Structure formats: structure tokens, C-alpha cells
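Visitor: Got a structure here, written out as C-alpha cells. Questions coming.
The values are calculated or read from the model by the stated rules, or taken from the named source; none is laboratory data. Computed from a predicted model, the values in this text were never measured in an experiment. With ideal geometry, Cβ positions are generated from the backbone for all residues, glycine too; neighbour counts draw on all protein chains shown.
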Amino acid sequence: MGLTISRAVQWSSDGDQLENSPLNNDILTEILLFTEGFEDRHPQEASIPFCEPLQWNTSLEAADFTSDIYNTRGESAVSLECDDKGRPLLQLSPPAITVHSFYHLSNLLKLSKDKKMKEVWACLEGELLCMHSLLYYCFWLLSCIFVVCVLLPREGRLSPAAVNTEVDLLKRENRVLKSVHYTSDYVFSNGCRSPPWRQMEGEICSLIIETCDTEPTLFITCNTSGVFLNEVRKLINGEGVENSSMTKSEVYKDIVTLLKNQSPHFAAAADEQDFAIQDVPSAKKILHVETVDVEETGQTLKSYDHEEKNVPEKLAWNKPGSRNKKLEPSLKWKNLGLTSRESKKSPGPASENKKKANFSGSSLPGSDDFSESSSEDEEDEEKPERRAEIPTDLPSEYWQIQKLVKYLKGANQTATVIVLCTLRDFNLVQETCQLAIRDVGGLEVLINLLDTDDIRCNIGSLKILREISCNSLIRQTIADLGGLQTMVSILDTPVKELKCLAAETIANVAKFRRARRTVRQYGGIKRLVELLDCLPDSVSLSAEQERDADVARCGALALWSCSKSTRNKESIRQAGGIPLLARLLKSSQKNMLIPVVGTLQECASEKSYRIAIQTEGMIEDLVKNLSCDNQELQMHCASAIFKCAEDKHTRDLVRQYDGLKPLVMLLNKAENKQLLAATTGAIWKCSISLENVAKFQEYRALEILVGLLKDQPEEVLVNVVGALGECAQISENLATIRKSGGIQPLVKLLSGTNQALLVNVTKAVGACATDPENMPIIDRLDGVRLLWSLLKNPSPDVQASAAWAICPCIENAKDAGEMVRSFVGGLELIVNLLKSQNKDVLASVCAAIAKIAKDVENLAVISDHGVVPMLANLTNTVDDKLRRYLAEAIACCCMWGSNCVSFGEAGAVAPLVHYLHSKDPLVHQATARALFELSKDPNNCITMHENGVVKLLLIMIGSTDAILQEAAASCVANIRCLALANDKAKNG
Amino acid sequence: MQKMSAMNRKLIQNLAETLCKQVKHFDKRETECLIRLFSGLLGEQAERRAAHGLDRVRFRNILHNTFGMTDDMMMDSVFRAFDKDNDTYISVKEWVEGLSVFLRGALDEKIKFCFDVYNLHGDGYISREEMLQMLKDSLIRQPTEEDPDEGIKDIVEIALKKMDHDHDGKVSYSDFEKTVKDENLLLEAFGNCLPDAKSVLAFEQHAFQEPHGH
């Protein structure tokens, strides 16, 4: 606490003197007055000696110590009073002075008369400067009290004044509490009631409160840090609690909160009153409450009192817990014949349906609940109620809105419209206003108004709901109250304005899973799709057609929200939404295009949509809008192309409609990261086609892409690197990447952790390594080692991609064998990957082993690691890709020692012969080479012959592939030699 | 009788010819139908009054039965808005002109019409008192409150605050016009005085069908 003072006082710039500032003077005066009066007020405490004395250089002299409790000797003076060790409690040996108790400190100040201030100053300076010697007891006590009375109100913690006001209010509310008493009637000058030694711990006062329902009474302590219950009564009751000290229960921020937690009765009463007390606790607000809010507070209390007395169940409206109560239209409405369409609608069916839906969701496997698309991570999931505590300061709007909602509950349609229009004048984007409506049951009323036949009331209500549904809590409540069902049924209305509003509100509410499901289950998707049916905009539209277009726009907005659920995508398709969306895509209105393209790109995660986007001719429009001037629209278009361009024909279409250039142009808008991610994604997928790569070369896309390898978010990097990897299919691009400085950032990315990124980076680096000029750079940057270490990555995709990339590295590196050997444990690692279950990993590792085996020393090492039986083990595969690389690996591994024989013994020969039945010519070549190598062992020749290899090889000899021809012929020759030798042996 | 009716028809046609040029939204045939409807309604009235036109009671019946209006005061006000010359009867001209706005009026015309209806005292302003009178039944009274009308008064203040753009404590025509143009929902701010789409459709179908026997 001493620290608090040292922080509060202002030091001069050189840091060892107190500044002569007004604040410091104030603090000093406080301390002075406090210290001086301490002895009189608390004689007992004043005489307690300090653990460590206060010491400073005084200006007092022995002559100043005129009192008879001091003994003066020459220049020095000592007090007659000594501590238990015999040290005098005050000792002056000029200029130093030592003081051991408040009593003497107090006395000293009295003696120093006009030098008082100077003494305190010197004392503080001396003490604060050397914190270590600081006055354990003294300053603690001093600063505690100081903090309570001076600093606390500024820090917004609990203050005596705040507690006082709150207690006064509670005393007035004798209806909810039986009694409220302080334990002590004596008030200290600082406003506290607790004795000083308790004040030291921040205590302000203790209260005894009798509530209507807790047993028997609550003993409460108000501390500066909060309010808590004393568990001391347990001790009194003698329940065997041994700890004799008072234990703190949970600390609350004010008395009302504590009472609410302790007494359900009080909580209920406080909730229904929306207590005026809630304005009080924060110490800062006290003034405000007393001056500004006093009238309003009084008013609300009064009106609620009336309500409570006369219509008891009405109170439930104000309780957050009683949302289920369906409000009936007022009697007047009924008399007017204007009762709601379903005014008799009991809460039954809706809640039953809801229950059923939830039930089916949780119990039936494969039900529609959680079949959501991947794109929903950005949406808001349902959050738990967040406003458990009462907000401490509510603006006047809150009360005004509360009043209006109250009127709304008892108004006919004329007054309803007036009130609704007035509510709209509030800033409904502000959370306070949104929650004000919700807190007083306004959402129930608004949703109930949707059920009436009065169009103006429907419109007015929807206009408000549309605004406030941007708040996720409001969205959830609307869904809970069955608002979505009503809005879906409103979509059938002939009134276009109403249709628009309902659709827009659905668009806002359907931002979370359960709401989207509700929309679907109540037939909303079909109705929303129907809204899309309007003429695509032509040059001139009649007013009516424009309204139709607006309806379609709102429908698209709602579908966009709904399309984040996989099931809804399917429903939209089934309802015939795709051709309608295709037609709207011809529009030139951006506000129409954004939701339409947004929906399409969302749905493009489904194959059926990707096909439809291609076949319905939407690529052309998507490409066209890439060149518009709205970044959001451009982003959705690029994103749709990104998702669709997996398909070759789509990629060709993008090129044919000249979509590649605008994509490259969009790369310049690098500041919009979402747009950049979508654009680079589209470029990546488009560059899978070589014709497109040529176009990108022409537009100098590679240079720009290389520039994007630094300082970009991962979702951009994945796509950029993916695009570079695809572009690297054309060898001249490899030089471009090198020349524009792309290799270094690429290799650097190898040390990342994002798996999608690593797959692409390894691929790109591998592609770069195929250029002999690139390889030294990669080697110098230690790229091969990084690639090799990625073989340890848990993701098979990364493993495979890394192994593929290693192949060209080994092929092109100088002293590749030496390099590979230098990776400690590297060879064992890669051989062990032959145990993988993943076909692609196996194929890639076989390919890498084939390259490694070209170095005889390394081949020896991998042979020691058991590569032969492991390869032989894989030979039964039917996967052509694996067969090809496996055959290559076997061919290469035969070169060492007895490997050739071992393959035969391990049963690898017969399956290899069958590879020649494969339809893949690449498999044939690799297999023929392997067989040729294996045929150097007579036993293998016999096995081959038994498996009918000669006939198959004779066909291969007729191939146009020279390598295959030669390998096949050589193999036959070996078999023939063996046969001849055999004959010779027999005959000769 | 045959001759009379023929002559009558001739008369009606001539009248329709003139009137349809004066009103915006009806063609000649529709005007003719409306005139015929008017004379039909007159026929039911006592001979003596028929000379002046439709009286208040009969007109209110139409408003109530055909257009579903229920508020007595509003119906009287609508009657006054139709009765431009203030002679307590609606002449055939007033009938056709009034219905033109009532059924098919553009927003501007409807604003004017509604303002006339709400301008109970005919002084060109809607005052606090007029609002109070029109809104007096718009809220459930809390009989226990000290002043049961407190809520209504508050609503009046709210409405006034929303509409009184020039801050003179009353709503002028331009105040009203601006308010409604900003927020169409406030066209019928002080009570239902226009028919809803459904009853307009029903009325027109009934009135404009081809007359029988011709």
C-alpha cells in the first residue's frame, strides 16, 4: 500500500525529490491532518510501536522538544517512553530523527508548529526514496486509510459513499427485504463504519440484512474490493468449523448483486423492478444518479409498483425467464375484428415442434443438424447469455425504449404504428437499445405483431427486427420465440415491401445453425427461392418490376445466409434455385449481384453446383464481374471461380471468357486480404491447365506472385505457393521464379506448420529443384534438409509431397550421395515410411528410394535398413502409380550385393510379371527395367518364365518406347541365355 | 319507364363524360359505373333528401360495410373530407372525386386526403387537442393510474415530436407531408381512414362489373 502513495505522489524529474505540485501538497495536507489527529482519535492504536522506525533528516532541534515526555541532552533528545527492547520511541540526534510510533509522530508534528508541512515532506521524501526501509506498520495503516478516503473514488472501486447510497435505497425497499442494519452506528470521518484496524484491510462497514427467504440473517461485509458474506455464523452455530477466523465467501461487486445471489426472492423482485438501485453501485455514478436520474428513477419505480399491485402476472413480462408467454392482442383489436391470423395459437405447437426438432437432432444419427459446410467457422455460434450482471449505467434511451415497449403492449394499430415509428428513431444499431427492447419483452410483442393481419404493424415491426437482428443475442431470442416460422409464412404475402422485409430479417437471423435449420424445416427455402423469380434487369424497368427485383435481392440475401448449411444448399437446388440464380447473375445491380454470387460461391462447395455453374453458363458472368468496381463482388466471383476451377472445362471457360487477365489485375489489390486470398486461389486452380499458365506468363503473373510470398496471411500464401507450384510445370517459369527471387522465400516457408501450406510449398520447391540452376540455391539454403525433416510430419499429404520434392533434389544436386548421407538418420527414416498405409506416401517414397539407390553407398545403407523385404512386401498392389515407382525402386535396388536374389526369395518377381498386364505404359517401362535387373539371377528367370513373362515381354519389344524395348529385350535375352546354358548343361 | 331509363342512361353518360375528365383515376366507363352506383344508393334514400346527394348516415354505412371502418369519429371525418362544399351531403361529383383518391389515389393525394380527415377543426393544422381526440381510444387505460390518459397524452407528445418539424406545437400540412414521405407508415397516423387493398379490390370488382341487362 505504501507503493500506492509512492505512485500517487509526483516526483521531480531527477527522481529523488518530491515535486512542489498542488497534488503533492494535497496529499501532504491529508497525511498531515490525519497523522496529527490520529493520536486523539485512536489513542490505543497510536501507542503501538512500529516494526521499523521512521527516519529522516529533520529541521527540528532539541529545543523544540519542550514537552515533558522528552528528555533533552545537549543537541539530542529522546522520549522517556521506550519499546520492549529498551529503545526510546523517539530519538533526535541532529539532523537525523527516528520515530517509532504514531503517538510520537503526532506529538512531533504538534511541536513543530509552522514547520509541520516541511517535516512531513522530509519524512515522506526520506521514506519513499528508500522503499526497503519502509515503515511496515505505519505506512500500511496510513496508506490504507488514505486510499480509502482519497484514492478509491477515483479508481471506481467500492467506496463508503456508494455503499451508503446503496444501503439507503435498500432500506427504502422494505418490501423485498425485512430489515437492513449496520453493525455500527458510528461513522468515521472518512465515511467508514468499520473499526480502523479493519479499515486497514479495506473494510468499509458490516451489515446485517434479513431477507424474506434466506435463513436466518445475512452478515455482510463491505470491502473496497467488494461485498462478501461472513461465514462467521457457522461458527456461532457450532457446526464444527475449526478455523476461528472469519472466512470470506464469494466476493460480489455490490450489495444488490450479493443479495440476488443469496436470495431468490430478492432476485425475482429486483428483476421485475429492473431496479433503480442498479444505477447506484459504481461510485462514479452517484452524483449522476442524484442529479440527473432521480426523477426518472422515481417514475419507473412508481409505475411498476402500480402494475405489480394490480396485474400481478404482468410482471412476468419483465422477467427474462418468462419468454414463453404469448401475448394476446388487446381486447380492442379483437372487437375491431382485427384479431391475428393465429391469435389462438398457444405456445404449444411451436414449442413442441422445437422440442421435436431438437430431439431428432440429438438422437437420430445422420439427421440434418450438423451437416454443415466447411465455410461456417466465421459465423457466430450460439453464445451463452452474457449479461448476467446488471449493467451499472443505463442511458436514458434505455428507459425511453422501455416505456415505448410498454405502450406497445396495450396499443391499437394506430398507436402501435406511431410507437413503432418512434422506436425506429432510436439508434437501433446500438447494443443498449437492442437489449433494452429485449429486456422488457419487446421481442415478444414485435413477433406477435407479425402474426396480426395489419400490414402496417407487420411492416413497422419487421423494420425494427431487421435492424436489431444484427445482434447475435437478439437473433437467438427471435429464433427461440418462433419468429422465423412467422417470417417464413409472411413470405407468402402479396405485399412486396413485406416480403422484402421478412426476407431481409431472415437473412440477418439465419446466421447460426439452428436458425438455418428452422428456416428449412418450415419450408422457408422453397419460398425464398420463389422470391428470386423476377425479370432480369433490362434497360428500363417499370416500377413494379423494380419492386420485383428488390424482392429477389432480399430473397438472395436470405438464401445467402441459409446457404451456409449443406442441407440448405441441397434444398435450394431442389427448389429450382440454380437457374433463377443464373438469371439474376445477368443483373447489373451490385446490390443484387453480391448476395447472388455470395450464395453461388457458398454453394460451390457442392459438386452439383460446380457442374451447374459451368453448364448454366455462369462462368461468363462471374468472369465479367471480376472487372467490376466492387471489391466484395470481385471477391465472391474469384472465390466461386476458385472453387469451380478444379474442373478442367471450367478452367478452359475462364480462359475463353478472358478471365485470366482480370484475375492478375486483382493481384494488385493486395491490401484487401480476403480478395487477395480468393484471387490467388482462382489463379492457383486455373493454372492447373498449361494453356492458362502460358497466359499467366504473358501477363507476368509469376513476378507478382513471387512478390506475394512475404508478409501475407496463410490463406493467401497457400494459394500463392500453390499457383507457383502449378506454373512451375513449364520449365521457363522456373527461371522466372529464380530471377524474381522466389526461391528463398519458398524455402523459408518449408519451416512452417500449416499443413495445406506445406503440401503446396514442398510441391513448389520440388518443381524448382528440377531446374539445375535452382538446385544450388536450394542446397545453399539447406532446403533439402528441411524437406527431409518434413518426412516426419504427421500428415501423410505432407510426407508424400516432401518425398516427391526430394526426388528432383537428389537428381540435380551436386554430390547428392554425400548430401543424403549427411542427414543423420535420414535414410532409416525414409525406408521406414515404406510401412505407411497411404498409397501416395508409398509411391513417393519408392520414387525417392529409386533416386537414393543410384548412390551405391547409400544403397548399401538402405539395404541394411531392410529396404528389400519392405519393397517386396508392397508388390501385391494394384495401384498403377505405386506399381510404377515400386518397380523403379526395385530396379535400382537390385544393384547391390545379393539384393537381386533377395527380391526373388521375398516373392517380388511373380507380382512384377503381372504388372505387364497393366494398361499404363509407364508401369510397363519401369517393370521391364526391374525384370531385366532381376533376370540376372537364374532363379528369378525361372520364376518369370513360369509366370509367362516371355510372351508379355515379346509384346513390349514391339513398343515404340525405346527404353521399354531395350529393357524387355534384355530381359528376354537373359532368360534365353539361361535356357541355352541349361540346354547346354543337359546336352553337353 | 323504359323511356325514362333510356333518358336517364343518356344523362348518366353525359355526366360521366364530363366527370371523367375532372378526376384522375377513372375512365369513362368506370365513372359511369360509379354514377350508376351513386344513383342506386340515392334511390334507397328518402325522396326529399335525394335531391342533395348522399347523407352522412348512408355514407357511413358504406364505409362500415364495404370498407370495414369502425371508428365513428374517423367515419365522420372521412365524410367531411368527401363533402368538399360542406353542405352535409355528398353530391355525385364529390362522390366520384372522393373515390378517385380513396380507391386509387397516389401518395400525394392520399396525404392530402388524410390530412383533411385529421384536420378536425378545418383550420389547416392538426393540434394537440385534435390528436388527443383521435387517439383517445388507442391505448388500454390503466384505470388504477392517477391519470388514465397519461399514456395517451404521452403518445400524442411522441407523435407531435415526430411530426412537428417547424416546432410550432402543431402539425401543418407541410409537416405532415414531410413526415409521411419520410415514413409511409405514418400516412394513417391518427386512425384508419383509407380502405385496405382487399376491400378496394372487392369494391371495384363489384362496382365496375358490366351492368346487367345491357
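Visitor: Return the pair list, or none, for Cβ contacts closer than 6 Å from residues in the stretch A:649-662 that are farther than 10 Å from A:CYS686 by Cβ to residues that are of a type in the set (Asp, Glu) and assigned to a helix (DSSP H, G or I), at least 6 apart or on different chains.
Guide: From the stretch A:649-662, the pairs are A:TYR657/A:GLU620.
This table checks each residue for (1) of a type in the set (Ser, Thr, Tyr); (2) part of a loop (DSSP other than H, G, I, E, B); (3) out of contact with any Cys (no Cβ under 9 Å at 6 or more places or on another chain).
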site: A:LYS851; (1), (2), (3): no, no, no
site: A:ALA860; (1), (2), (3): no, no, yes
site: A:PRO869; (1), (2), (3): no, no, yes
site: A:ASN873; (1), (2), (3): no, no, yes
site: A:ASN876; (1), (2), (3): no, yes, yes
site: A:LYS881; (1), (2), (3): no, no, yes
site: A:ALA887; (1), (2), (3): no, no, no
site: A:ALA891; (1), (2), (3): no, no, yes
site: A:VAL901; (1), (2), (3): no, no, yes
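Visitor: Go through the stretch A:906-932 residue by residue and tally those that are out of contact with any Ser or Thr (no Cβ under 9 Å at 6 or more places or on another chain) and over 19 Å from A:ILE957 (Cα atoms).
Guide: 0
Visitor: Could you check how many residues of the stretch A:500-538 are in a helix (DSSP H, G or I) and away from every other protein chain (no Cβ under 14 Å)?
Guide: The total comes to 25.
Visitor: Answer with yes or no whether A:GLU698 is surrounded by fewer than 19 Cβ atoms within 10 Å (Cβ to Cβ) and more than 24 Å from A:LYS748 (Cα to Cα).
Guide: yes
Visitor: Those residues that are touching a residue at least 40 places away in the same chain (Cβ under 8 Å), buried (at least 24 other Cβ atoms within 10 Å of the Cβ) and under 17 Å from A:PRO579 (Cβ atoms), I need them from the stretch A:605-642; list them, please.
Guide: A:TYR609, A:ILE619, A:ALA640
Visitor: Here's a follow-up. Against the condition facing chain A (nearest Cβ under 10 Å) and surrounded by fewer than 21 Cβ atoms within 10 Å (Cβ to Cβ), how does B:GLU130 come out, does it pass?
Guide: Criteria not met by B:GLU130.
Visitor: Filter the stretch A:619-639 down to residues that are in contact with a Cys (Cβ under 9 Å, 6 or more places away or on another chain) and either of a type in the set (A, V, I, L, M, F, W, C) or within 13 Å of A:ILE594 (Cα to Cα) (or both), then give me how many there are.
Guide: Of the residues in the stretch A:619-639, 9 are in contact with a Cys (Cβ under 9 Å, 6 or more places away or on another chain) and either of a type in the set (A, V, I, L, M, F, W, C) or within 13 Å of A:ILE594 (Cα to Cα) (or both).
Visitor: Also, quick follow-up: Residue under question is B:LEU120, and the condition is that it be free of Cβ contacts under 8 Å to residues at least 60 places away in the same chain, away from every other protein chain (no Cβ under 14 Å) and of a type in the set (A, V, I, L, M); does it hold? Spell out how you get there, then give the answer.
Guide: On the way: free of Cβ contacts under 8 Å to residues at least 60 places away in the same chain: yes; away from every other protein chain (no Cβ under 14 Å): yes; of a type in the set (A, V, I, L, M): yes.
Yes; evaluated as a whole, the condition is true for this residue.
Visitor: Yes or no: the stretch A:424-434 includes at least one residue that is facing chain B (nearest Cβ under 9 Å) and of a type in the set (D, E, K, R).
Guide: Yes: one or more hits.
Visitor: Still on this structure, please answer the following. Taking into account only those residues within the stretch A:567-582 that are buried (at least 19 other Cβ atoms within 10 Å of the Cβ) and of a type outside the set (A, V, I, L, M), which is farthest from A:ALA510 (Cα to Cα)?
Guide: A:GLY577
Visitor: Just for the stretch A:903-949: of the residues that are part of a helix (DSSP H, G or I) and among the hydroxyl-bearing types (Ser, Thr, Tyr), which one is surrounded by the fewest Cβ atoms within 10 Å (Cβ to Cβ)?
Guide: Filtering the stretch A:903-949 for residues that are part of a helix (DSSP H, G or I) and among the hydroxyl-bearing types (Ser, Thr, Tyr), the one surrounded by the fewest Cβ atoms within 10 Å (Cβ to Cβ) comes out as A:THR943.
Visitor: Filter the stretch B:165-183 for residues that are over 18 Å from the mean Cα position of the chain (by Cα) and within 14 Å of chain A (Cβ to nearest Cβ) and give the result. Give the derivation first.
Guide: Keep residues of the stretch B:165-183 that are over 18 Å from the mean Cα position of the chain (by Cα), which gives B:165-172, B:174-175, B:178-179, B:181-183.
Hits for the stretch B:165-183 are B:HIS165, B:VAL171, B:LYS178, B:THR179, B:LYS181, B:ASP182, B:GLU183.
Visitor: How about the stretch A:768-803: which of its residues are buried (at least 21 other Cβ atoms within 10 Å of the Cβ), closer than 23 Å to A:LEU882 by Cβ and within 36 Å of the chain's Cα centre (by Cα)?
Guide: Passing the criteria: A:LEU787, A:TRP788, A:LEU790, A:LEU791, A:VAL798, A:GLN799, A:ALA800, A:SER801, A:ALA802, A:ALA803.
Visitor: On to the next question. Can you tell me which residue within the stretch A:685-701, out of those that are basic (Lys, Arg) and in a helix (DSSP H, G or I), is modelled with the highest pLDDT?
Guide: Residue satisfying both the conditions and the ranking: A:LYS685.
Visitor: Being touching a strand residue (DSSP E or B) at 6+ places or on another chain (Cβ under 7 Å) and either surrounded by fewer than 18 Cβ atoms within 10 Å (Cβ to Cβ) or at pLDDT below 70 (or both) is the filter; apply it to the stretch A:51-61 and report the residue that is farthest from A:LYS118 (Cα to Cα).
Guide: Taking the candidates together, the pick is A:GLN55.
Visitor: Return the total of residues in the stretch B:184-209 being among the hydrophobic types (A, V, I, L, M, F, W, C) and at the interface with another protein chain (Cβ under 7 Å from one of its Cβ atoms).
Guide: Residues meeting the conditions: 4.
Visitor: Can I ask one more? Residues A:ILE849, A:ILE862, A:ILE777: which one is closer than 22 Å to A:ARG738 by Cβ and of a type outside the set (Gly, Ala, Ser)?
Guide: The unique qualifying residue is A:ILE777.
Visitor: Still on this structure, I have one more. Go through the stretch A:449-468 residue by residue and tally those that are more than 11 Å from chain B (Cβ to nearest Cβ) and either assigned to a loop (DSSP other than H, G, I, E, B) or at positive phi (or both).
Guide: The qualifying residues number 2.
Visitor: Give the stretch A:948-988 a look and list any residue that's in contact (Cβ under 8 Å) with a residue 40 or more places away in the chain and aliphatic (A, V, I, L, M), or say none.
Guide: Applying the first criterion (in contact (Cβ under 8 Å) with a residue 40 or more places away in the chain) to the stretch A:948-988 yields A:956, A:961, A:964, A:967-968, A:971, A:974-975, A:978.
Within the stretch A:948-988, A:MET956, A:LEU964, A:ALA967, A:ALA968, A:ILE975, A:LEU978 qualify.
Visitor: Read through the list (1) within 14 Å of chain A (Cβ to nearest Cβ); (2) over 25 Å from B:THR179 (Cβ atoms), then give the number of the only condition that B:HIS52 fails.
Guide: (1)
Visitor: Here's a follow-up. Condition check: without any contact (Cβ under 8 Å) to a residue 24 or more places away in the chain and basic (Lys, Arg). Does B:LYS28 satisfy that? Break it down stepwise before answering.
Guide: Details: without any contact (Cβ under 8 Å) to a residue 24 or more places away in the chain: yes; basic (Lys, Arg): yes.
Yes.
Visitor: Could I ask something else about it? Starting from residues that are within 40 Å of the chain's Cα centre (by Cα) and within 12 Å of another protein chain (Cβ to nearest Cβ), keep the ones in the stretch A:402-420 and report whichever is farthest from B:THR70 (Cα to Cα).
Guide: Residues of the stretch A:402-420 within 40 Å of the chain's Cα centre (by Cα): A:402-406, A:408-409, A:419-420.
From what is left, the residues that are within 12 Å of another protein chain (Cβ to nearest Cβ) are A:403-404, A:406, A:408-409, A:419-420.
Numbers: A:LYS403: 28, A:LEU404: 26, A:LYS406: 25, A:LEU408: 21, A:LYS409: 21, A:VAL419: 21, A:LEU420: 22 Å.
Top of the filtered list is A:LYS403.
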